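Computed from the coordinates by the stated procedures, all read-outs in this text should not be read as laboratory data. Given the structure is predicted, the values throughout are model-derived calculations rather than measurements. Using ideal geometry, Cβ is built from the backbone for each residue, glycine included, and neighbour counts are taken over all protein chains shown.
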Amino acid sequence: MRNYLAGPNRDVAADWAPPKAVDTADEALFARHHTRIYRFVLRMVGDNALAEDLTSDVFLSVWQQAHRFEARSAVTTWLLAIARYKALAELRRRPQEASSDE
């Protein structure tokens, strides 16, 4: 077993660090649900960049409104509901933006 604190090791690159564990609940929530939320939004909006932006918005809203979560449903259900609302709001805005560009 190697002792990483024992000093320099010539077998390991100088910039190598031991793997960092997910150390906060926020990071764990993001890591666990990001892909599912992204794919859900992508199916609704059909645009990769927009889906990534909306996914980020979902997690920003979750972190800002976490105190409102009442645990009446699963966290995944809550996240998907927020994602659905944001995607639908964006789809409602889209036709207005397209007609104003003409």
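On the basis of the beta-carbon distance and an R0 of 22 Å, Val75 and Asn48 show a calculated FRET efficiency of 0.30. Peptides 41-50, 68-77, 24-33 ranked from most to least packed, by the mean per-residue count of other Cβ atoms within 10 Å: 41-50, 24-33, 68-77.
Relative to the present Cα-Cα distance, how much length would full extension add between Thr24 and Arg92 at 0.36 nm per residue of separation?
Contour length minus the Cα-Cα distance gives 20.9 nm.
The Cα atoms of the stretch 31-102 give a gyration tensor whose axes a ≥ b ≥ c have a/c of 1.5 or more with a/b greater than b/c, which makes the shape prolate.
The HN-Hα couplings worked out from phi for the stretch 38-47 by the Karplus form 6.51 cos²θ - 1.76 cosθ + 1.60 (θ = phi - 60°) are 4, 5, 4, 5, 4, 4, 7, 9, x, 9 Hz, whole numbers, x standing for Gly and Pro.
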